[in-house]
Amino acid sequence: VPSRAWWKEATIYQIFPISFFDSNGDGIGDLNGIYAKLDYLKDLGVDVLWLSPIYRSPLADMGYDISDFRDIDPRYGTLADWDNLLSGVHERGMKLMMDLVVNHTSDEHQWFLDSRSSKSDPKRDWYIWRPPRYDDDGNRQPPNNWRSVFQGSAWEYDEITEEYYLHLFVSKQPDLNWENADVRDAVWDFMQFWTDRGCDGFRLDVIDLLSKAEGLPDAPITSPDEVYQPAVIHYANGPKIHEYIKEMDKKVLSKYDLITVGEASFTQKMSEFDGYVLPSNNELNMVFHFQLMDVDFPKEGNSRLPLKHKDWTLAEFRQVVVKWQNYKREEGFWNTVYIENHDHARSVTRFGDDSEEWRAKSAKMLAILEISQSGTLYIYQGQELGLKNLPRTWGIEEYKDIASQIYYKKKKLLIDEAVDMSDILDGFQRNARDHARVPMQWNSSAHAGFTSGEPWMRVNEDYQTWNVAAQLKDNDSVHSFWKHALNLRKAHEVLIYGDFSDISNSHEEVFAYIRTLENSSALVLLNFKKTDVIFSLDSKSDWTGFRHVLGNYGGDEGDEIGVASGSNDIRLRGFE
Ligand code: TEU
Ligand code: CA
């Protein structure tokens, strides 16, 4: 039995502030807007809010490019607004987590402005600078062949000092040099600035990228048609990563009762997660892995091609969930459970069926999948409503994410070579990050009640019927279902702490499992298809005690399952 902890039982709700709620009509969501919705979140059953970055930022990558770690971006509000939000959160018995982006800063951060100013500046070594290489023809080239996550070289040439700096993301996000102890001290410093102010925890952005391979060697050529090569093997989980996180624990985390989750999106090998998560290592509470999120992305070498879609099977999906649910439980490894965030398309579109007929049913089925797994549960804004992807009819100009824009431009440059832009947009419609970033749908008034002005990003078309106000009034809505399901999870510890045993028997459409904790068991049967299926329970087991507690067809709570037919075959309706 895993040890108990408040952060294991918590339901965490991720807010993408720019699109949550605009309190002053400038079209941009803000801190006072979040404050205005605290009762809504409390009522849903949320324990912890995680805010995507709200620090001062040019918003080149939506705040994941910070120019001042100790201030709020004026578009979101002020430090006083943050304090006010925090007290509102605490008054309601909830907690507040901040997003900590410390692999890189904005190129507009004072540290970087100093660093780039001259080779002898004291901050020079705070970033990763290297002289050019020259090819056989004497042309200037980047120091190595690494490709940035968002396309092109991971290096940017800077005229001022005639050297290149490393940026694993866009060029406006220069990577910090974690080898430098002053950089680390500066990070511990501002982490304490926030904990002293009352923040309850951190989500640590791309935590697996802080330490790069010694000597920054060239990556092997895995994309022969391209100049720059995927280089995850050289920039993820480098030699000093655990030294750094242990230092973070010693200097900051261990001094408070915080919730910590690292985003380890570039880590693949299971054993590489151990260092971060096993309690004996004193690093983080848990990590986000991307193995489930990657199930419908094509792969190129060891990197994902995120703006394209590949078909997935339930077998692949199930294999990831089962592996994680059982991973090193005896040693205290603790999971995260999530199926949406600001970097991914909507789950009902990806893993359910977002047609009018099946949308609510399949969104509720996915809710059951989420509340019945072991781990800390994360919900992303709008997931509780069954929000779906934006329509295919929207043109490229509606996609605001820098990742989408860069990718599109790169393909457009190749258009002579018969790149079909409608194929590109098909891929975007499936898997762009933008789907999660449209304004939240509050009601049926203009712009979904998100703003009284012009929203920074267009609102999805379906808001007239798919919105908070409508769903709050409807007992059968996706929202009402989530609320009920979250309460149920809280009422039954087995759902949070129980052992997980897959009993799907390689069924093509059904994911079936049993959770067990001491004397209680929960049987979960999920049909991932829109047609009826038959699932046969293992005849060696005794199913007679199981009663129906939650289902997306409703109405039969309390009934014994399966036995009615006198056989072990159970019929599940579409997405039941
Ligand atoms: O994401 C890191 C990351 O793994 C993504 O870039 C991912 O590869 C991509 O979204 C495709 O799924 C974090 C943040 O969550 C993201 O919003 C930032 O853009 C990125 O770091 C840089 O800070
Ligand atoms: Ca605003």
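The values are calculated or read from the model by the stated rules, or taken from the named source; none is laboratory data. Because the structure is a prediction, the values reported are computed rather than measured. Here Cβ is always computed from backbone atoms with ideal geometry, including for glycine, and neighbour counts include all displayed protein chains.
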Grab the strands (runs of 3 or more DSSP E) fully contained in the stretch 125-208, keeping just those with 1 or more residues being closer than 30 Å to Y378 by Cβ. 201-204
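Conditions tested, residue by residue: (1) closer than 24 Å to Y165 by Cβ; (2) in contact with a helix residue (DSSP H, G or I) (Cβ under 8 Å, 6 or more places away or on another chain); (3) away from ligand 2 (no atom under 16 Å from the Cβ).
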position	(1), (2), (3)
F193	no, no, yes
C199	no, yes, yes
I207	yes, yes, yes
I233	yes, no, yes
K251	no, yes, yes
L258	no, yes, yes
Q291	no, yes, yes
May I ask you to verify whether D22 is under 21 Å from H447 (Cβ atoms), in contact with a helix residue (DSSP H, G or I) (Cβ under 6 Å, 6 or more places away or on another chain) and either within 16 Å of ligand 1 (Cβ to nearest atom) or not aromatic (F, W, Y) (or both)? yes
Suppose we keep only residues that are out of contact with any Lys or Arg (no Cβ under 7 Å at 6 or more places or on another chain) and acidic (D, E) within the stretch 86-125. Which one would you say is surrounded by the fewest Cβ atoms within 10 Å (Cβ to Cβ)? E91
Look through the stretch 221-266, keep the residues that are polar (S, T, N, Q) and in a strand (DSSP E or B), and return whichever of them is farthest from F290 (Cα to Cα). Q229
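This table checks each residue for (1) within 27 Å of I233 (Cα to Cα); (2) part of a loop (DSSP other than H, G, I, E, B).
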{"position": "F297", "(1), (2)": "yes, yes"}
{"position": "H309", "(1), (2)": "yes, yes"}
{"position": "F317", "(1), (2)": "yes, no"}
{"position": "V320", "(1), (2)": "yes, no"}
{"position": "R329", "(1), (2)": "no, yes"}
{"position": "G332", "(1), (2)": "no, yes"}
{"position": "N341", "(1), (2)": "yes, yes"}
{"position": "T349", "(1), (2)": "no, no"}
How many residues does the stretch 467-506 contain that are under 30 Å from P439 (Cα atoms) and without any contact (Cβ under 8 Å) to a residue 40 or more places away in the chain? 7
Could you list, in sequence order, all residues of the stretch 222-239 that are without any contact (Cβ under 8 Å) to a residue 40 or more places away in the chain and either farther than 17 Å from G275 by Cα or of a type in the set (A, V, I, L, M) (or both)? P224, D225, A236
With the condition kept exactly as written, say whether any residue in the stretch 482-497 is at pLDDT 95 or above and within 16 Å of ligand 2 (Cβ to nearest atom). no
If you check P74 against the conditions, is it within 15 Å of ligand 2 (Cβ to nearest atom) and surrounded by fewer than 20 Cβ atoms within 10 Å (Cβ to Cβ)? yes
